[in-house]
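The values are calculated or read from the model by the stated rules, or taken from the named source; none is laboratory data. Keep in mind it's a predicted model, so treat the numbers as computed, not measured. Every residue, glycine among them, receives a Cβ derived from its backbone with ideal geometry; neighbour counts consider all protein chains shown.
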Amino acid sequence: MKLTIVNYFQGLFGETGLVDDYRLLPHFFPRLADSDLEGLSCEVTDDEVKNSMFAIGGLKTPGPDGFPALFYQKCWGMCSADIIALVKDCVLTASLPESINETLIALVPKVERPVSMSQLCPISLCNTIYKVISKILVARL
């Protein structure tokens with residue numbers, strides 16, 4: 001089964017058909033305005049972190065760390081300083097610790113009894129801290 005999945009996604013997202021001339025990429029993807037870029041890189045506030053954390057559904061499926069947002073929401077008084085410091089550092093340095101960037105992929109059936117990979121939809125299960133950082137950056141755009 002593993003080989004079937006790997007082969008399917010390698011065929012789907014492999015190098016076949018990729019654009020070799022990277023000079024064409026700006027024509028396919030819009031460029032952010034300088035003002036938007038500045039907004040993305042400014043320091044994260046404590047409120048941004050808290051609001052993003054509490055905007056995540058408490059029982060949304062957790063990522064590889066196993067902690068749903070509800071855990072952080074219920075323990076916010078004890079863990080907020082550490083979470084805020086971590087999120088601020090990730091945005092400031094524009095880097096994520098490997099453990100935060102880990103993601104599980106779940107294959108959700110599109111039909112009752114799937115018989116091929118095209119009948120499965122891959123869903124990314126990201127860690128809660130990753131979701132918080134993503135929400136902050138998206139809100140700034």
- Task: Select from region 62-114 the residues that are surrounded by 13 or more Cβ atoms within 10 Å (Cβ to Cβ), within 18 Å of the chain's Cα centre (by Cα) and part of a loop (DSSP other than H, G, I, E, B) and list them in ascending order.
- Result: Pro62, Gly63, Pro64, Asp65, Phe67, Pro68, Leu96, Glu102
- Message: Tell me whether region 31-50 contains one or more residues that are at pLDDT 95 or above, assigned to a helix (DSSP H, G or I) and hydroxyl-bearing (Ser, Thr, Tyr).
- Response: no
- Query: Is it the case that some residue within region 48-55 is under 30 Å from Asn7 (Cβ atoms) and under 20 Å from the mean Cα position of the chain (by Cα)?
  - Reply: no
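Out of the residues in region 108-140 that are of a type in the set (A, V, I, L, M, F, W, C) and in contact with a strand residue (DSSP E or B) (Cβ under 6 Å, 6 or more places away or on another chain), state the one that is nearest to Ile5 (Cα to Cα).
Filtering region 108-140 for residues of a type in the set (A, V, I, L, M, F, W, C) gives 108, 111, 115, 117, 120-121, 123, 125-126, 129, 132-133, 136-139.
With in contact with a strand residue (DSSP E or B) (Cβ under 6 Å, 6 or more places away or on another chain) added as a condition, the list becomes 108, 120-121, 123, 125-126.
Values: Val108: 13, Leu120: 10, Cys121: 12, Ile123: 14, Leu125: 17, Cys126: 20 Å.
Ranking the candidates gives Leu120 first.
Within region 115-141, work out how many residues are in a loop (DSSP other than H, G, I, E, B) and exposed (fewer than 12 other Cβ atoms within 10 Å of the Cβ). Don't jump to the end; show me each part of the working.
We begin by selecting, within region 115-141, every residue in a loop (DSSP other than H, G, I, E, B); these are 115-116, 127, 141.
Still in the list and also exposed (fewer than 12 other Cβ atoms within 10 Å of the Cβ): 115-116, 141.
The number of residues fulfilling the criteria is 3.
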- Task: Would you mention how many residues in region 63-95 are closer than 14 Å to Ser52 by Cα and of a type in the set (S, T, N, Q)?
- Result: 2
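Here's the yes/no breakdown for (1) polar (S, T, N, Q); (2) closer than 19 Å to Val44 by Cβ:
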site	(1), (2)
Thr103	yes, no
Leu107	no, no
Ser116	yes, no
Ile136	no, yes
- Query: Taking interchain pairs and intrachain pairs at least six residues apart, which have beta carbon atoms under 9 angstrom, with the first residue in region 62-76 and on the phi > 0 side of the Ramachandran plot and in contact (Cβ under 8 Å) with a residue 12 or more places away in the chain and the second surrounded by 15 or more Cβ atoms within 10 Å (Cβ to Cβ) and of a type in the set (Ser, Thr, Tyr)?
  - Reply: none
